[in-house]
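Everything on this sheet refers to the single structure shown next.
The values are calculated or read from the model by the stated rules, or taken from the named source; none is laboratory data. What you see is a predicted model; the values in this text were computed from it and never measured. Positions of Cβ are backbone-derived with ideal geometry, glycine not excepted, and every protein chain shown enters the neighbour counts. Just so you know, the surface numbers come from the protein's heavy atoms only, side chains and all, with ligands and any DNA or RNA stripped out. Shrake-Rupley method; radii C 1.70, N 1.55, O 1.52, S 1.80 Å.
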Amino acid sequence: MTDITIEPQHASEGTDDDFFDDIRGQWAQMEAQRRQTPEYRVNNMEYDMSQADWFVSRVRGSDTYAQNLYAALCNNSFQKQDVWLVLKDAYWSCTWRSAGGIVADLQDRGGDYMDWYCSGIGDGLGNGDTDGTRNFVSEGTVTDEIATDLALLGWRVAEQPDSA
């Protein structure tokens, strides 16, 4: 039997880890550039949260607060309390995966969306709070504390229209 050698198809040192590190680095660079554009700042609750030091401090200071923020971001739409945006009926929302990534980015601990993704489903699944001691809430739940803090940033949870 003949030994088969597979040559790497990328310019790194030949390991999958190097290849994926290169891809992650390129993605991070593109994301950093995107976040510098004026369009990123318009009607973007992620941007507004990241610019408020007191808000970022709360996310970094408590995993319960971070998880409650993640849960609030899931399955909800938000509206900036700006006359023009309200008149335009403009909203902001994100996916569960994005919600986890936003919280991980705000925490700045080197984690990613998987640190928070499905953290509210409990019962031994995901990162759930099965015994209730961490005060995690299910996805879609907006605690009074989170609603109050988002209001201080100029955002409110949008009422969902009745489906007909």
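Scanning the range 33-71 for residues being farther than 18 Å from T148 by Cβ and among the acidic types (D, E) gives a total of 3. The residue that is farthest from the chain's Cα centre (by Cα), counting only those in the range 87-102 that are open to solvent by 60 Å² or more (accessible area, probe 1.4 Å) and farther than 25 Å from Y117 by Cβ, is L87.
Number of residues in the range 31-80 that are surrounded by fewer than 16 Cβ atoms within 10 Å (Cβ to Cβ), assigned to a helix (DSSP H, G or I) and of a type outside the set (D, E, K, R) equals 9. When the range 35-55 is limited to residues that are touching a helix residue (DSSP H, G or I) at 6+ places or on another chain (Cβ under 6 Å) and among the charged types (D, E, K, R), the one that is modelled with the highest pLDDT turns out to be E46. Of all residues in the range 81-96, those satisfying the criterion of being outside any loop (DSSP other than H, G, I, E, B) and either among the aromatic types (F, W, Y) or modelled with pLDDT of 95 or more (or both) are W84, W92, W96. Restricted to the range 116-164, and to residues there that are of a type in the set (D, E, K, R) and either modelled with pLDDT of 95 or more or more than 19 Å from A104 (Cβ to Cβ) (or both), the residue that is surrounded by the fewest Cβ atoms within 10 Å (Cβ to Cβ) is D162.
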